[in-house]
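Just below is one structure, and these are the notes that go with it.
The values are calculated or read from the model by the stated rules, or taken from the named source; none is laboratory data. Remember, predicted model here, so these are calculated numbers, not experimental data. Glycine gets a Cβ as well: all are built from the backbone with ideal geometry, and neighbour counts include every protein chain shown.
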Amino acid sequence: MNQSITRRLGLTLGAALATAVAAGSAVAADLPGEGRTAIPTVSSIAEEQFQTRIVAEGLRRLGYKVNDALEIEYAAGHIALGNGDAHFNVVHWDPLHTEFFNNSGGEEKLVKFGPVVGNSLQGYLIDKKTADAHGITHLDQLRDPKIAALFDASGDGKADLTGCTPGWGCERVIEHHLKAYDLQGSVNHNQGSYFALMANTISRFNEGKPILYYTWTPLWVSGVLVPGRDVEWLEVPRTDLPPGEEGANTKLPDGRNVGFSVNDQKIVANRAWVEDNPAAARFFELVKIDVNDISAQNHRMNKGEDSDRDIDRHVQEWIEKNSTDFNAWVAEALTAAS
């Protein structure tokens, strides 16, 4: 899948103002965003376009002109927000991206809203066939050279872990884990284009070969490799996270410890901009998207519905399905500007 598709976030201002009437604004000229511009950022992960465009549409109904999203990875994107070169991002993983937030000005320059999406999980998984055959339930079992060799795809005797793209934040946690659990001598952390690596991982699974990979939810990967049916989460011996994530919850709902903090996806925005735009700030506070809705949309993208037109259609279908809530959020945001 092409992960760097240039995305169009724009609808005509006329269409946005027309829909704003349905949200409770009788006079377009009175919309709080009239004459104002909002600039979102988004990472190269195409699946993040869905929630970004839902929020962008809410701002349009408040009268804002929403520019094309600035495609930029998380660390640089936070810096752009802190500097005022962009205004908001919809996929700030809290606490995974705390370091990016702090390094970009912290609360002096930035503000968080939400969560927009709750209970976003991360962790390591292996194929169920190998897990059952060898009794593998924990990541630290890979210290055993015989266990590690089961997942050797490169011929060096070490397990090959499909890992995280540099700059996303998850690579920092993986590297911390490999050191903390004494796995640096038995596990290769394979990095690069995550989705290209996962395509190869899925091919290996389809060939009946053992696989070891990192992933997160919501994402289409767990719709293709279904936990409990095709793959199993690996537990860690204890919670051990990088500085800034101490005390985080790393357990699944069933109590298994997967080692990564359970995250909320929040909106992070430039503080000066939201203070000058109370209607946008209020919308940011209110908007909620169910994690299962994102997983379902991501699965549609993986099945081929991944064009700009497809994603825009998915957004409009979601808004129509959730119109009562969506219109209420817009209406309340309108009152924040009065």
On the given criteria, is GLY77 small (Gly, Ala, Ser) and without any contact (Cβ under 8 Å) to a residue 60 or more places away in the chain?
yes
Test each condition in (1) within 15 Å of ALA56 (Cβ to Cβ); (2) surrounded by fewer than 22 Cβ atoms within 10 Å (Cβ to Cβ) for LEU252 and report the one that comes out false.
(1)
Going by the structure shown, is ILE319 out of contact with any Asp or Glu (no Cβ under 6 Å at 6 or more places or on another chain) and surrounded by 22 or more Cβ atoms within 10 Å (Cβ to Cβ)?
no
Residue check for ASP240: under 19 Å from TRP93 (Cα atoms) and charged (D, E, K, R)
yes
Based on what the data block shows, is PRO237 touching a residue at least 24 places away in the same chain (Cβ under 8 Å), more than 30 Å from ILE79 (Cβ to Cβ) and in a loop (DSSP other than H, G, I, E, B)?
yes
Of (1) under 29 Å from the mean Cα position of the chain (by Cα); (2) surrounded by fewer than 20 Cβ atoms within 10 Å (Cβ to Cβ); (3) hydrophobic (A, V, I, L, M, F, W, C), ALA159 fails just (2)
List every residue pair whose Cβ atoms sit under 8 Å apart, with the two residues 6 or more apart in sequence or on different chains, where the first one lies in the range 193-213 and is at positive phi and the second, anywhere, is in a helix (DSSP H, G or I).
GLY208/LYS129
Looking at the range 205-226, which of its residues are under 22 Å from HIS177 (Cβ atoms) and more than 19 Å from the chain's Cα centre (by Cα)?
PRO210, ILE211, LEU212
Looking at the range 265-285 only, could you name the residues that are within 20 Å of the chain's Cα centre (by Cα) and buried (at least 19 other Cβ atoms within 10 Å of the Cβ)?
GLN265, LYS266, ILE267, VAL268, ALA269, ASN270, PHE283, PHE284
For ILE147, are the conditions met, namely being over 30 Å from ILE72 (Cβ atoms), modelled with pLDDT of 95 or more, touching an Asp or Glu at 6+ places or on another chain (Cβ under 8 Å) and surrounded by 15 or more Cβ atoms within 10 Å (Cβ to Cβ)?
no
I'm trying to understand the selection: among the residues of the range 31-84, which are hydroxyl-bearing (Ser, Thr, Tyr), assigned to a loop (DSSP other than H, G, I, E, B) and surrounded by 24 or more Cβ atoms within 10 Å (Cβ to Cβ)?
TYR64
Could you say whether any residue in the range 121-132 is farther than 30 Å from THR201 by Cβ and surrounded by fewer than 23 Cβ atoms within 10 Å (Cβ to Cβ)?
no
